[in-house]
Amino acid sequence: MAAATATLPGRNQTINARIQQKDSRVMNTHFKRFLTASLTAAALVGSMAACGTGGGNSKDGANGELTLWTHNAGNPDELASIQSVVDAYNQSQSKVKVKVQAFPQDSYNDSVVAAASANKLPCIVDIDGPNVPNWAWSKYLTPLKLSADLSQNLPSTLGKWNGQTYSFGYYDVALAMLARASDLKAAGIRVATVDKPWTKDEFESALAALKRLGKWDNPLDLGTSGTGEWLPYAYSPFLQSFGGDLINRKDFQSADGALNGDKAVEWANWFHGLIAKGYAAQKSGKDSTADFLNNKSAIVYTGSWAADKARTALGDDLVVMPSVDLGNGPKIGGGSWQWGVTTGCKNPDAAMDYLSFSLKPENIAKVAKATGTIPATDAAAALVPGYEPTGKNRVFLDFSKKSAVLRPETPAYPFIATEFGKAAQDIISGADPKQVLDKAVKNIDSNIKSNNGYKS
Amino acid sequence: MATTLERTSRRAGARSTSPNPRRLRGIGGWIGRILLGIVFAFPLLFMFVSSLKPDQQIFGDLSSIAAFLPVGNLSFDNYGAVFDRVPAARFLINSIGISAVTVILGVLINSLAAFALSRMRVRGKGIILTLIIATLIVPFETLALPLVWWVNQLPTLELDGFNLSLTTGWLDTYQVQIIPFVANAFSIYLFHQYFDSIPKELDEAARVDGASWFKIYRKIVMPLSGPAIATVSILTFLPAWNSYLWPLMVVQSEELRPVMIGVQYFFQLNVSWGQVMAYSSMITLPVVALFIAFQRSFVNSIASSGVKG
């Protein structure tokens, strides 16, 4: 073709034109398909773009619609209860409409942080209790100004920082030890109660007796395969019962002495001892409740959320016991999911009005019933079967009232939690307790210092 | 004849006295392959089988081979429960759409870029290619937050009834899950390398005949680049399908979420592992089906790119 072009330039144009015509007729079928697909794809992006803009509203609240974010995607019962509270509010007035957007719990915080960085937070958010001071310090949240009375709420259901209340919850959860009455009887162990919990010595004797029965490799399941917030939530109360803590709560400026003092080291040695003596596994199964129900452990250390499932499976053989008194009384973590209003909300009064409405006892009861959690007020507890004074779940309310310790109310908490989690895992693995705790203290203090003490 | 008889008797003797080492190696190789196959297949088998069992049985079977066998109380209850808990059909449709559009646009855009760098006279194209390849060393996680800020500044057309208005911000849209992943340094590099292997004489002849660059691209280079297109398609599809962090950060509305976000729906305080396995099976099946359909291209893509998808 090139040669023809060189020798016969006049004729060449005609040949080329013919070739091009022929080429266009026999254009590669595959490529035609590819091009069609590409154009279709481009059109599809356009159409997707046109119909795909959802609730990314930096002006949330400005147009009479408030968006509420919750962590309940995948939890149909709790989500339905929240939706019914919202529906009731929407029907009760016509000025604003609240719209629910649900996110999966494990990734909820990441979604909020990303939205905050893009200035796209909604008006109302739910927050895991211990994160409230950090979100308030980061100016995600504004102090609450509610018409409803919060004085009747369990203290652990209120999120406070710098003397102001930023959030409240409809419920709390409580840590407990679940066991089979028949196993305890076989080992000659008394059932611990709220008024008379096991002491440290009693606890160890009980574990030794259960181990001697030979039914379990490790009679106690501490949930040692747990990660994230489970680690400080579950294990820091043991530390506090020994007399240590995650940080000095006087001014929240240092963990020195609290997390690496004598009491803390004593806790760490005791904690590792449970593993070393074979009472608890270094790495428990992925689902401690399922393992307990499959009789792979005698006692499971878990939360109130597991009680209904265990009661259904074991009936009256199930016993719910308080955590162990390791010297300073039994302790459990306090604070679960709570609600707050964001600083960027264009209609904070409406958001506060919704939250005040949602605090009616029947609304709190609705959510607590759906989640199997401890209602935040006595008035709501009276409406939830099982939480009346003689109810089967009343014991969790008693644990919460008597033993709940809030995780440190400081913006540094997320960092402290991570450091403590790493330390707890290292201790479980057999690392030197003093070294591990000193390192955690050093990192925490350095973080607080580099953030200017997390002052407001 | 004698030689043949001797050989035969030697073979028979060898068979009767000591095993043939070549045959042994062959059997050993097969056993090795079967074991390796089991190692890779068992997690998938466990997932499919567990999706048919109730939670307590999954954990009860864990200590025995029954964990991998469809025995005991089997049902499709977990699959039914998945649809009660997660809008799985919507998530699947979203992921199929997002992945397909990303692949098609990715092949088009990256091949055009590679064509320009491979064929056209561009000053400093060596440096441009180096810069493009250099972006491969930056992990996506470090770019994620700046990218969120960036896409939030981009203009978008919003359709509200019959009104079309221009607003700012791509968050919570389909395009934010597609456009940032269309241009890909590795795909450009793969296409560039492949285009370089196509003789330049072909397009020089076409140039002499008056063909435009785009005509050379679409009529000569692309029709000859089937293997490169297959490789790029597969290597674009897999991350698009498995995308998790990015949609987590930029998508708020449930109706726009892809399948991987759905996995998180199951990790509540009481995890239902049967449902987790059922959902995992549902979102794995399309990828397994795709693998079976394009097995040869898949293996070639890994062999030619030197990376695992």
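Nothing in this text is a laboratory measurement; each read-out follows from the coordinates by a stated rule. Please read these numbers as outputs of a predicted model, since none were measured by experiment. A quick note on method: Cβ atoms are made from the backbone with ideal geometry, for glycine too, and the neighbour counts reach across all protein chains shown.
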Proxy reagent accessibility, fewest Cβ within 10 Å first, across B:T284, A:T418, A:T377, B:T173: B:T284, A:T418, A:T377, B:T173
Shielding by partners - mean other protein chain Cβ count within 10 Å, residues of A:171-180: 0
Residue order, fewest to most beta carbons within 10 Å, for A:L326, B:L147: B:L147, A:L326
Mean ellipticity per residue at 222 nm, deg cm²/dmol - from DSSP H runs of n ≥ 4 across chain A, formula -39500 (n - 2.57): -14500 deg cm²/dmol
Virtual spin-label span in nm between B:S253 and B:D160, 7 Å along Cα→Cβ: 1.3 nm
Cα-based shape type of chain B, given that a ≥ b ≥ c are square roots of the gyration tensor eigenvalues and the cut on a/c is 1.5: oblate
Qualifying trypsin sites (Lys or Arg not before Pro) in the stretch A:224-264, DSSP loop, other Cβ atoms within 10 Å at most 14: A:R249, A:K250
Prolate/oblate/rounded label for the protein assembly as shown (Cα gyration tensor, a/c 1.5): oblate
Shielding by other protein chains, B:142-154, mean Cβ within 10 Å: 2
Among B:G29, B:G97, B:G37, residue whose mean-square fluctuation peaks in a GNM of chain B (springs only between Cα atoms under 10 Å): B:G29
Positive dipole terminus of the protein assembly as shown, leading residue within A:N75, A:A176, A:G129 (C-beta point charges): A:N75
For chain B, built as a Gaussian network whose Cα springs stay under 10 Å, the top-fluctuating residue of B:S297, B:S187, B:S212: B:S212
Gaussian network model of chain B, Cα within-10 Å springs - most flexible of B:V107, B:V276, B:V151: B:V151
The stretch B:221-295 shape via C-alpha gyration tensor axes, a/c threshold 1.5: oblate
Under DSSP loop assignment and at most 16 Cβ neighbours within 10 Å, longest chymotrypsin sites (Phe, Trp or Tyr not before Pro)-free interval of chain B: B:77-161
Rough spin-label spacing in nm, given labels placed 7 Å along Cα→Cβ, for A:N451 and B:R207: 6.1 nm
Order of A:D126, B:D77, A:D217 under a 10 Å beta carbon neighbour criterion, fewest first: A:D217, B:D77, A:D126
Dimensionless Rg ratio for the stretch A:318-456, taking C-alpha atoms and the 2.2 N^0.38 Å reference: 1.38
Estimated distance in nm for a label pair at A:A276 and A:E202, the labels positioned 7 Å out from Cα along Cα-to-Cβ: 2.6 nm
